[in-house]
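The values are calculated or read from the model by the stated rules, or taken from the named source; none is laboratory data. These figures come from a predicted structure and were not determined experimentally. Glycine gets a Cβ as well: all are built from the backbone with ideal geometry, and neighbour counts include every protein chain shown.
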Amino acid sequence: MWKTFSALAATAGLLASPGADGVGDPYYPQDGNGGYRVSDYDVHVTYDPAKPDFLSGDTTVTAVATQTLSRFDLDLQGFDIGSVTVNGLKATSSRAGEHELVVTPAIPLVKGQPFKVRVVYSGKPVGDSWQPLRGGGVSVIGEPHSATAWYPVNDTPSDKATFHLTATVPTGWTVIGNGLPGPTTTSGGSTTFRWNEDHPVVSYATTMAVDKFTVRTSTLPDGKPIINAYGTDTTYLPDSEALLPEIIQFLSSKFGPYPFDSTGSIVVSAAQASGSLALETQTRPTYDGAFFDASAVHELAHQWFGDSVSFADWRDGCIAECFAQYAGQLWDEYKNGADLTRSYREIVQSNQDKPDFWQGKLYDPGADQPLSPALYNKGPLMLQALRIAVGDSMFFHILQTWTSQHRYGNASWPDFEHLSAQLSGKDLTDFFQSWAHSTTIPPAQYLYL
């Protein structure tokens, strides 16, 4: 048997080559890594808010090699590396660039075979996603990057994986994460919280929030848990919280079944003004200060558009932001009787002679602004124009087919264009060229004034 194993290892060594240090995303070419696909992250961290410049971590990444690998990279900013093992064997590691952790396994990894890499690390967290809170805790969120600030990761939206968090903090503090809570245990002045997200998640939608939270729980009509956590110096708005089941039910009627096993919110208060902390962290969006129905509708709509169905690459921001912004208008139509066709025409007419309004592209807006303002102002107009072009019934059929076909996966904006044309039976080439790919106002026939 040893000869056979040695022969296999020798053969693998001859065929092995390094994995790429980036996936070649058009906007962030060094993000992510080649040579493997991740299936799960098991992240263990210990953090004491009294020592805000120190976190210790022990993360196991489960993956499958997509080529025979002599070495591979993970993305991780900062930290001192204590040890790295691959399949239980000691590996060597080195650092390169801003966030590359280069791992060389003792034995080359064979294409098609699963493997586990365990990284033990500690030190000062770095990066803009590490957000100190007024109560002394921390919220780790950010887009397009956040995960590299606290665990080793294949940091690209095109490689989604399940996510399991075990976080230990001093007793009296609470940790909130993605998914469903596991057992909470206390020992020796420390409390360990466990969170399990068993549906694939993009790395920027993973989160950890540490604060002295007030946690309020309830359920959706189907029994799925609602977990709302309110941190120090935040505002509890009972009427907004009470609307959450109705928002989920409404969005489900438009977009298809809610894709996850729990919902709720994480409400925090940043220690320093640094822009809004609101982000569609999967299953449990994060809000700054408070959440109300308009912000909740936007972030919850992302659970379908952006979280369940995620970018193929960073050119595809419209498949998240255009729909989430439009969802707020749909809610206004449902809740307040807003006439979206009328308001659409008024906005288009008021901007007909304003070239700057139309110059942002909805697909591939540019590496300097992947989440361009155009996604939030021109994007909903395009969706309303598409609704007019294909009719209400077909429009929502397209949306529900989209969320069903790509559930828990990745897709591109061109994929949405193709599906819309396929289902509607219409040639929408010029429509989408005018709305999504152009930097000028669409021709009159696609404005539907």
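Condition first: touching a His at 6+ places or on another chain (Cβ under 6 Å) and part of a strand (DSSP E or B). Can you find one or more residues in region 165-172 that meet it?
So far as region 165-172 goes, yes, one or more of its residues are touching a His at 6+ places or on another chain (Cβ under 6 Å) and part of a strand (DSSP E or B).
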Inset, instruction - From the list Lys124, Lys160, pick out the single residue that is closer than 16 Å to Tyr36 by Cβ and in the same structural domain as Tyr27 (by TED's automatic domain parsing). - result: Lys160
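Mind checking which residues of region 97-130 are of a type in the set (A, V, I, L, M, F, W, C) and either modelled with pLDDT of 95 or more or surrounded by 20 or more Cβ atoms within 10 Å (Cβ to Cβ) (or both)?
Leu101, Val102, Val103, Ala106, Ile107, Leu109, Val110, Phe115, Val117, Val119, Val120, Trp130
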Inset, instruction - Return yes when Phe255 is in contact with a Leu (Cβ under 7 Å, 6 or more places away or on another chain), touching a residue at least 60 places away in the same chain (Cβ under 8 Å) and over 30 Å from Ala50 (Cα atoms) and no when it is not. - result: yes
Inset, instruction - Restrict the check to region 182-200 and report whether at least one residue is part of a loop (DSSP other than H, G, I, E, B), within 14 Å of the chain's Cα centre (by Cα) and buried (at least 19 other Cβ atoms within 10 Å of the Cβ). - result: no
Legend entry - Contacts under 9 angstrom Cβ, first residue in region 217-246 being over 21 Å from Val268 (Cα atoms), partner part of a loop (DSSP other than H, G, I, E, B) and small (Gly, Ala, Ser), 6 or more apart: Leu220/Ser262; Lys224/Ser262
Inset, instruction - Report yes if some residue within region 410-419 is touching a residue at least 24 places away in the same chain (Cβ under 8 Å), closer than 21 Å to Tyr344 by Cβ and touching a Gly at 6+ places or on another chain (Cβ under 9 Å); otherwise report no. - result: yes
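Would you check if Leu371 is in contact with a Gly (Cβ under 9 Å, 6 or more places away or on another chain), in a loop (DSSP other than H, G, I, E, B) and touching a residue at least 24 places away in the same chain (Cβ under 8 Å)?
Working: in contact with a Gly (Cβ under 9 Å, 6 or more places away or on another chain): yes; in a loop (DSSP other than H, G, I, E, B): yes; touching a residue at least 24 places away in the same chain (Cβ under 8 Å): yes.
Answer is yes for this residue.
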Inset, instruction - Sort through Lys361, Lys378 and tell me the only one that's more than 20 Å from the chain's Cα centre (by Cα), touching a residue at least 12 places away in the same chain (Cβ under 8 Å) and within 21 Å of Tyr28 (Cβ to Cβ). - result: Lys361
Inset, instruction - For Ser253, indicate whether it is among the hydroxyl-bearing types (Ser, Thr, Tyr), buried (at least 18 other Cβ atoms within 10 Å of the Cβ) and assigned to a helix (DSSP H, G or I). - result: no
Inset, instruction - Just give me the residues in region 388-409 being under 24 Å from Gln445 (Cβ atoms) and without any contact (Cβ under 8 Å) to a residue 24 or more places away in the chain, in sequence order. - result: Gly391, Asp392, Ser393, Phe395
Legend entry - Residues satisfying the stated conditions in region 137-172, i.e. farther than 16 Å from Phe54 by Cα and surrounded by fewer than 24 Cβ atoms within 10 Å (Cβ to Cβ): Gly142, Glu143, Pro144, His145, Ser158, Asp159, Ala161, Thr162, His164, Thr166, Thr171, Gly172
Inset, instruction - Go over the candidates Thr207, Thr263, Thr232, Thr217 one by one and state the one that is under 18 Å from Ser295 (Cα atoms) and either modelled with pLDDT under 95 or among the polar types (S, T, N, Q) (or both). - result: Thr263
Inset, instruction - Assess whether Ser434 counts as being modelled with pLDDT of 95 or more, over 21 Å from Trp304 (Cα atoms) and in a helix (DSSP H, G or I). - result: yes
